[in-house]
1. Anything in segment 57-77 that is among the polar types (S, T, N, Q), more than 12 Å from Val135 (Cβ to Cβ) and not in a loop (DSSP other than H, G, I, E, B)? List them, or say none.
2. Just name the residue that is most open to solvent (accessible area, probe 1.4 Å) out of those in segment 27-56 that are outside any loop (DSSP other than H, G, I, E, B) and at pLDDT below 80.
3. Can you name the residue in segment 98-136 that is over 18 Å from the mean Cα position of the chain (by Cα) and open to solvent by less than 40 Å² (accessible area, probe 1.4 Å) and, of all such residues, is nearest to Asp61 (Cα to Cα)?
Amino acid sequence: MTCVDLTFPHRGRRKHTDIETRHVALKSASTAYTGVVYHFSGDSMQGTYIDFPGHILETDDGRRADSTDLADFYRMAAAVIHLDRADRPGGVSGAELEAAYGGIPRTPAVIVNALGDRGPMDIPERSVWLELDAVE
């Protein structure tokens, strides 16, 4: 089985992530120093994420990250669909996914790479999305 690492380095996109620091005086019997505590806050639409049906109002069936046991996704079999949409922003249809994969995936999960070799900073934000028939 091939394992796919879906992590991506955080590049400090302050548009979506706020970082606050707080200084905390720390002291023990033998030393005293100031700890720096970082508070990160960001939205759920950054980086790699599981696109739960509850992520989109029109497809919401109650399944969200806070109501699902993420352990269920550990080493789950998934089809990987590679698209290269360098010059074609817009919605990805179910037919386009099917054509790129060579049929309908028979796995419980699908991983879609619509960026080709580009990183998410290399395309206009929100320029590629799944059409509702692709979600089905």
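1. Ser67
2. Phe40
3. Pro105
The values are calculated or read from the model by the stated rules, or taken from the named source; none is laboratory data. In this text, all values refer to a predicted model and were calculated from it rather than measured experimentally. In this analysis, Cβ positions are derived from the backbone assuming ideal geometry, glycine residues included, and neighbour counts consider all displayed protein chains. Ligands, DNA and RNA are stripped out before the accessible areas are found, and what is left, the full protein with its side chains, is counted by its heavy atoms. Shrake-Rupley method; radii C 1.70, N 1.55, O 1.52, S 1.80 Å.
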